Each structure stands twice: as structure tokens, then as C-alpha cells.
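To start, the structure under review is shown below, and the notes come after it.
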Amino acid sequence: MRFQKNLPLSEIWCYRKQAIFLFLAFIYSFALNGRTPMLDHDPDPVQNEIRIVRQVPVPMRDGTVLYADIYRPAKTGKYPVIVTRTPYGLQRDNVHHERMIKFAQRGYIGIVQDVRGRYESEGKWDPFRDEANDGHDTIEWIAEQDFSNGKIAMQGGSYLGHNQWAAASQGPPSLDAIFPSVASTNLYANWITMGGAFRLSFNYGWGVVRMPNRIMLPQYWHTAGYTPEELRYENILMHLPLKNGDLESAGYKVQHYRDWLEHESYDEYWKSISDEERFDKVMVPAYNTGGWFDIFLMGTLNGYTGMKNHGGTVAAREGTKLLVGPWGHGPGTKFGDLEFGEHAFIDLFEEELRYYDFHLKGIANGLDEEKPVKIFYMGENTWREEEDWPIPGTQYKALYLTGNGPANTLRGEGKLTFEKPETSGLDTYLYDPNHPVMTYGGNNCCGTPTTTGPKDQRVIERRNDVLVYTSDYLTEPVAVAGPVKMKLHAATDGPDTDWMIKLVDVYPDGSAYPVSEGILRARFKDGLDKINLLKPNQVYEFDIEMMGTANVFQPGHRIRIDITSSNFPQFDRNPNTGKPLGSDAEVRIASQTIHHGGTRPSHVILPIVPGF
């Protein structure tokens with residue numbers, strides 16, 4: 001630093017203070033990191049004036065032209081590129097515009113493209129069907145442009161995250177990394193359905209009301225104060241048969257919604273666009289981020305495990321990462337009824353920037369030295385880094401259903417025990433599709449308005465068609481982190497029904513918050529690609545996959561399992577008839593029997609981790 005001649009003493013002292021500050025910062029950085037800091041590193045990461053080039057045509061292999069906005073440093077040159085492909089419009093407020101400006105200021109080209117058939121892009125909108133080829137073609141087009149230095153990554157969450165998986169599964173040679181947030185990896189198993197049960201709230205609110213054609217539409221005419229009774233969601237969603245329910249809102253056939261209903265099992269229609277069928281074709285690392293209460297949590301977890309086990313290259317397998325917080329469809333500090341603390345929030349822009357800096361700019365920022373998994377343990381409300389998911393050393397322990405009397409309602413006699421009960425027992429309830437258990441909390445998002453996250457389940461546990469099984473008060477912490485599964489011995493008096501399970505953390509004051517949930521449409525007991533109806537009143541053992549979780553059940557708390565047959569409108573009501581999905585105009589009441597103990601030991605399998 002040079003001083004000008006004849007400066008006032010006050011200004012000279014100001015310069016000296018700056019010099020002292022920089023020297024102390026140097027010493028502190030050295031002490032903290034154990035190595036000499038980079039003297040030529042600009043402490044302000046915003047280094048570039050930028051410009052925006054709008055409506056750039058990008059040709060696809062079939063001649064269809066998609067349009068993109070390009071955010072770039074104003075200085076001519078070749079830069080690494082971050083691209084996102086969206087059905088929500090290039091100028092979506094507070095999403096694409098701000099993020100891409102920030103990337104451009106930091107020396108990246110940011111590209112946002114309208115997907116086929118949406119907004120300015122040509123073609124027909126058919127959700128999911130064209131994203132793999134169009135994503136591949138977009139990446140390779142970018143690689144040929146004079147602004148690209150050949151290093152390309154993808155970015156975005158939800159549908160935009162799916163687009164990353166779809167493109168990466170085609171093995172585009174110019175792609176270097178992806179960052180899928182809150183993203184599905186199997187559009188049938190962890191988007192359209194869960195356990196074969198149709199996600200009515202999401203599929204209708206998103207697929208029929210908001211996204212039927214070229215632009216995103218509002219839901220006001222179903223939710224506003226001025227909405228007439230016949231248009232309110234609480235009435236429209238009860239409409240049967242489902243196959244023509246689109247007419248109740250759109251007034252015309254929404255073909256993609258009808259296709260989803262027609263293909264009710266995991267058939268070739270779904271397999272052909274499933275990313276989980278093609279993890280071995282993904283040649284680049286993926287940083288998977290999501291929330292414990294997000295609707296696409298299964299996709300987030302499966303994206304990590306799928307790549308670690310089946311990724312197409314060593315670099316892809318070793319470079320894949322996982323981050324899950326106590327969030328819904330994006331980061332925050334509070335969700336549902338619970339406050340998790342300010343530290344629960346993570347700025348995903350900063351995480352993305354570090355990831356792209358490492359993979360696209362080759363900056364040695366320590367990303368490769370970190371453990372690959374970072375998860376938030378609810379209950380303890382702390383972040384922990386782990387070596388893998390599921391966590392090494394996890395013990396899978398059975399927690400059994402039992403009881404000395406009927407388990408109906410939270411005032412019943414349903415119990416949970418780690419000791420396998422020798423005495424057989426059973427509990428019964430009636431499931432009436434005309435009076436379903438309503439959605440209250442859990443993993444949901446983005447469709448018709450529903451409550452999500454950790455909501456106090458006592459609201460529904462007072463119903464007689466909800467079986468409630470509760471452990472004794474815990475005397476020491478029980479830390480659960482990993483996949484959760486229910487093995488349920490049960491029977492129904494018809495050819496089909498649903499089994500809905502919730503794993504619940506019961507606080508000392510009695511409040512009860514779900515930490516994992518799962519559902520199985522009974523006809524899929526032999527696999528999601530197999531429809532096998534039940535023999536009435538025959539007892540089957542059902543394997544019910546539940547959402548993964550990380551929760552510490554603290555001393556003084558209790559562990560609870562809730563069992564019922566509906567969760568509406570998050571899932572459609574099973575009419576209990578066994579007819580094809582969407583065809584029923586009438587429903588029947590089902591008599592349900594849950595067996596436990598003895599030779600039919602219904603139980604939940606908890607992934608218990610050490611170190612708490």
C-alpha cells in the first residue's frame with residue numbers, strides 16, 4: 001500500500017489501521033488453517049460486471065427450438081457454465097434471476113431455459129417425457145458456444161432437479177456435475193405415487209390446476225374467499241371417478257393427468273423415464289439436497305445411494321454427496337409446529353457455489369476432504385457429518401406392536417415394545433372412504449393446500465379408525481437415522497385397501513409429531529410393477545417402505561406408530577373395490593384387522609445409530 005504525499009494525519013492513520021487489520025487477518029487465517037493464505041485472493045467474491053442476453057434459440061435434435069436467457073460476465077472470454085431447465089418461466093421471481101446474476105458476478109455463465117412446450121419454447125408440453133433428450137442436446141449446444149470453456153454443471157430443485165437427473169442419465173460428454181435439490185429419481189415411485197397410492201393433492205393441484213398447458217396458472221378459483229362452494233378443493237377432490245376429475249377444474253381433458261391414472265403400476269411408461277433405472281449411465285457426481293418433510297425425500301436419499309452404488313464412473317461414485325435438513329421443499333429454521341433453531345438453515349447458494357468452484361474451476365476449497373453425508377438430527381437439533389448413508393454401524397432393531405386391549409385412538413391400549421410379544425392379539429377398525437382421515441402434516445408440497453411437516457397428530461389420533469401404539473417413556477436417547485420399514489400382518493374383507501403408517505415422536509406434554517410416514521396400496525404387496533388383488537379376510541405380511549429420517553427420541557419421550565387406511569387428500573381414497581385406478585364412481589366400507597404378537601409379529605424396523 002502506497003501513501004500519497006501531503007496527506008492529512010487523520011487519513012494516514014486510517015491507512016495504517018487498514019494495514020494493521022490486514023496483517024492481523026493474515027495471521028489469524030494462518031493460525032486457523034495451518035497454511036499460508038492466498039494473498040492474491042480477492043476477499044470480495046463479486047468480481048464481474050454482467051450482462052443478460054435474452055431469448056437465445058437452442059435447437060433440439062428434432063428441430064424444435066427452445067429458448068434461454070444467458071447471464072454472463074460483461075468481459076469477453078470463455079467461462080464455466082451453470083444451466084437450469086425450468087417449466088416455470090425464465091423470469092420466475094426470486095428464483096432464477098437472482099441466482100444467475102450472482103453466478104455471473106462470480107465468473108460463471110448462467111443459463112435458464114424454458115423446457116419444451118412451456119412459455120417461449122416451442123413444442124408440446126408433456127411433463128417428464130422429453131427432458132432427457134432435450135437436456136442432453138442443451139448441454140452439448142452450450143459446449144459448442146464461444147463463451148463456454150467446456151466445463152458445464154446443472155442446477156435447480158424439484159422439477160428442475162429431475163431435469164438434471166434426466167439429462168445426466170444420457171451421459172452427455174460435456175457435463176461435469178449436477179446439484180439436484182428436492183428432486184425425484186423415480187417419477188412413479190417417489191413423485192406420482194408412494195407405495196402405489198396416488199398422490200392426489202400434488203398430482204391434481206400441480207398437474208391439473210397449475211400446469212395443464214403452456215403457462216403456470218394460479219389456484220385462486222379453488223382457494224380464494226370468493227370461491228363458490230362447488231369449486232372449493234374440499235369438494236372437487238372428493239369427486240369420483242378420478243379419471244374425469246380434471247373436468248371439475250380445467251373444464252377439459254388434461255391428457256398427462258389421465259395418462260398418470262391409466263398407468264397405475266410401475267410399467268414401461270414409467271420405467272422409460274425413471275432415473276433409478278439408469279444410475280450407471282450417470283458419469284458425473286451429484287450433490288443431493290433435501291428436507292426430512294419434503295415430498296421428494298425418497299428421491300433425495302435414493303439419488304445419493306444410487307450414485308454411490310451404481311454411478312457410471314469412480315469420480316461420480318466418490319464425488320456424490322448428500323445434505324438433508326429439517327425442512328420441507330426448501331431450507332428454513334421452522335417447519336410445521338417445530339422450531340429447529342437458526343443453525344438449521346443452510347444457504348444452498350453458498351453450497352452450490354463451493355461445489356461448482358471445485359468441479360468447474362478446480363479451486364481446492366476442501367470439498368473433497370469432507371465426509372460425503374451431512375444430516376440434521378431432529379430431536380437433538382444438531383448437524384452431523386457421516387461417512388455414508390445408511391450410516392455405518394447402524395443396527396436395525398424391531399419395535400413390536402402389542403397391547404392388552406383395543407388400540408383405537410390415543411386413549412386405547414396399543415403398546416410398542418422392543419421385546420417380541422409371545423401372545424397373539426389383533427385390532428380392528430372400519431375404513432369408510434366417504435369419511436377419510438384427513439392429511440395433517442407429513443411429507444407433502446406444491447399441490448392443493450395441505451398442512452405439512454411436524455404437526456401435532458392428536459388431531460387425528462382421536463379418531464376411532466386410527467390405531468395408536470405407544471412405547472413406555474424412554475430412559476435414554478434412541479437415535480434413529482436411515483431407512484424405516486413396517487412389517488404389517490393384516491387382513492381386509494375386500495380385494496384391495498391402503499395401509500398408512502406414521503412413526504411419531506411423543507413429547508412429555510403429549511404432543512405427537514411425525515418423523516416418518518409410509519403407505520402401501522395393498523394390491524402392490526408383491527411389487528410396484530405387479531397388481532395382485534387380495535383374497536378377502538386372508539392375512540398377509542405387507543412390507544411398507546417409509547420415509548427415511550434422522551431423529552433422536554429423547555429421555556422422557558415416547559415412540560409411537562399410527563396405523564390407518566387413508567391420508568386424504570395427500571393420497572386418493574382407496575375405494576376398496578379392486579377396480580382399476582380412477583374408474584370407481586362408488587366406494588365400499590372396509591373392515592380392517594391388524595395382527596400382532598405370536599406368529600404374526602407386526603413391527604417397525606428402526607435404524608438405530610450409535611454415539612448418542
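For this structure, a couple of remarks:
- Helix-derived mean residue ellipticity, 222 nm - over the chain, DSSP H n ≥ 4, -39500 (n - 2.57), to 500: -5500 deg cm²/dmol
- Per residue accessible area of segment 373-435, 1.4 Å probe, in Å²: 53
- Cα gyration tensor shape for segment 307-398, rounded if a/c is under 1.5, else prolate or oblate: oblate
- Dipole magnitude of the chain about its Cα centre (Cβ charges: Lys, Arg +1; Asp, Glu -1), debye to nearest 20: 780
- Potential extension, HIS435-THR599 segment - 0.36 nm per residue separation minus Cα distance: 55.7 nm
- Relative contact order [Cα under 8 Å, 6+ residues apart], segment 231-373, whole percent: 16
- Heavy-atom SASA rank of LYS535, LYS371 (probe 1.4 Å, accessible area, largest first): LYS535, LYS371
- Residue pairs, from the table LYS502/LYS530; LYS271/LYS308; LYS102/LYS253; LYS243/LYS281; LYS281/LYS502, whose Cα atoms sit over 32 Å apart: LYS102/LYS253; LYS243/LYS281; LYS281/LYS502
- Under 13 Å from the Cα of LYS487 - aspartates and glutamates, other chains or at least 8 residues apart: GLU541, ASP543, GLU545
- Span-like helix ranges in the chain, DSSP H, alpha carbon extent 15 angstrom or more, Kyte mean at least -0.5: 9-33, 297-310
- Charge-dipole axis of segment 76-176 as Lys and Arg at +1 and Asp and Glu at -1 on Cβ define it, positive-most pick from GLY77, ILE142, GLN113: GLY77
- Solvent exposure, largest accessible area first (probe 1.4 Å, DNA, RNA and ligands not counted), of ARG199, ARG129, ARG600: ARG600, ARG129, ARG199
- Fraction of the pair-distance distribution of segment 88-182 above 20 Å, Cα-Cα pairs, percent: 35
- Take the Cα of ARG458, go 7 Å toward its beta carbon, and the backbone nitrogen atoms of segment 506-521 under 15 Å from that spot belong to 506-514.
- Shown are LEU399, LEU338, LEU528, whose ranking by accessible area with a 1.4 Å probe and every protein chain present, most to least, is LEU528, LEU338, LEU399.
- Signed unit charges on C-beta, dipole axis of the chain, positive-most listed residue MET194, VAL314, VAL459: VAL314
- Distance between segment 482-508 and segment 431-469 - C-alpha centres, whole angstrom: 13
- Lys/Arg +1, Asp/Glu -1 at C-beta; segment 354-509 dipole; positive extreme among PRO436, PRO508, THR409: PRO436
- Segment 549-612: relative contact order as a whole-number percent, Cα under 8 Å and 6+ apart: 15
- Within the shell defined by Cβ-Cβ distances under 9 Å, the residues around GLN55 carry a net charge of -1, with Lys and Arg each +1 and Asp and Glu each -1.
- Cα-centred dipole magnitude for segment 119-216, charges only on beta-carbon of K, R (+1) and D, E (-1), debye, nearest 20: 600
- Taking a sphere under 12 Å around the Cβ of ARG462 and counting the other residues whose Cβ falls inside, with K and R at +1 and D and E at -1, yields a net charge of -1.
- Förster-model FRET efficiency, 45 Å R0, VAL56 and ASP368, C-beta, rounded to 0.05: 0.85
- Within the accessible area of the chain (1.4 Å probe), percent carbon and sulfur: 51
- Extension gain for ASN404-SER591 works out to 65.2 nm (0.36 nm per residue, less the C-alpha to C-alpha distance).
- Summarising the strand pairing of segment 255-392, around 45 percent of its internal DSSP beta bridges are antiparallel.
- Alpha carbon centroid spacing (whole Å) that separates segment 224-245 from segment 248-283: 24
- With contacts taken as Cα pairs under 8 Å and at least 6 residues apart, the chain reaches a relative contact order of 13 percent.
- For segment 353-401 and segment 524-573, distance of Cα centres in Å: 27
- Heavy atoms of LYS361 accessible to a 1.4 Å probe, total area in Å² rounded to 10: 80
- By the equivalent-ellipsoid construction on the alpha carbon gyration tensor, the chain comes out with semi-axes of 46, 31, 21 Å, ordered largest to smallest.
- Were the residues from LEU247 through GLU144 laid out at 0.36 nm apart, the gain over their Cα-Cα distance would be 32.5 nm.
- The antiparallel fraction among DSSP beta bridges confined to the chain stands at about 75%.
The values are calculated or read from the model by the stated rules, or taken from the named source; none is laboratory data. What you see is a predicted model, and the numbers here were worked out from it, not measured in a lab. All Cβ positions, even for glycine, are placed from backbone atoms using ideal geometry, and neighbour counts span all protein chains on display. These accessible areas exclude ligands, DNA and RNA; they are computed on the full protein's heavy atoms, side chains included. Shrake-Rupley method; radii C 1.70, N 1.55, O 1.52, S 1.80 Å.
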